[in-house]
Amino acid sequence: MSVEKDFIKTIQENTGIINSICNTYFSRSDDFKDARQDVILQLWRSFPTFRGDSKISTWIYRVALNTILAKRKKDHNLGANESLSQLHLDHISSCADVSADFIQEFAWLVSTLEDCDKAIIILLAEGYSNKEIAAILDLTATNISTRLNRIKHKLKERYLNEQQ
């Protein structure tokens, strides 16, 4: 198979990951499309360097998140009004017996987090370990553990403030 065909097949098999990540950070249609195009372009540029040391989905998460975080930083689009994608919300609700109201409230709480913290929560919701999250985001596992504790504290505090 040619490199182009391998790439197209990989994108088709992982389009859900790409769309979900883009939708998490860019909820407006035009922004989503631009982000998706940027991610696919970066995946194409990086495809020859994929060595197979990790799962292809892990590599896609890493490239996609790094591309989007760089794009958001460049665009100075640091608003906290984006929401988790429906794919991530469905995954969370399938893992726990929780109500739709709780899922929506959780999505809102996560949307108030900084970009890197959102990425950590997305990857955690997808079932990645701290070590895998660290590799994807180019951080240490200890840093991920520390950030997760801080994120939990932030989410709990924001949730309690909303209940008052």
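The values are calculated or read from the model by the stated rules, or taken from the named source; none is laboratory data. On a predicted model such as this, the values are computed, not experimentally measured, just so you know. Cβ sites come from the backbone with ideal geometry, for glycine too, and all protein chains shown count toward neighbours.
Below are the figures for this structure:
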quantity: Leading residue by the ranking (surrounded by the fewest Cβ atoms within 10 Å (Cβ to Cβ)) among those in segment 2-33 that are in contact with a Lys or Arg (Cβ under 8 Å, 6 or more places away or on another chain) and not polar (S, T, N, Q); calculated: Ile18
quantity: Boolean, Ala125 is surrounded by fewer than 19 Cβ atoms within 10 Å (Cβ to Cβ) and closer than 16 Å to Val110 by Cα; calculated: yes
quantity: Condition met for Ile120 (out of contact with any Ser or Thr (no Cβ under 9 Å at 6 or more places or on another chain), within 23 Å of Asn23 (Cβ to Cβ) and at pLDDT 85 or above); calculated: yes
quantity: One residue from Ile92, Ile11, Ile103 being in a helix (DSSP H, G or I) and at pLDDT 80 or above; calculated: Ile11
quantity: Tabulated pairs, segment 46-75, first modelled with pLDDT under 90 and assigned to a helix (DSSP H, G or I), second among the acidic types (Asp, Glu) and surrounded by 15 or more Cβ atoms within 10 Å (Cβ to Cβ), C-beta under 6 angstrom, 6+ apart or interchain; calculated: Leu69/Asp115; Lys71/Asp38; Arg72/Asp115
quantity: Flag if Asp97 is at pLDDT below 85, of a type in the set (Asp, Glu) and under 15 Å from the mean Cα position of the chain (by Cα); calculated: no
quantity: Check on Thr146, farther than 30 Å from Glu4 by Cβ, of a type outside the set (D, E, K, R), over 11 Å from the mean Cα position of the chain (by Cα) and modelled with pLDDT of 90 or more; calculated: yes
quantity: Among the candidates Leu139, Leu109, Leu113, Leu160, residue that is surrounded by 12 or more Cβ atoms within 10 Å (Cβ to Cβ), of a type outside the set (Ser, Thr, Tyr) and part of a helix (DSSP H, G or I); calculated: Leu109
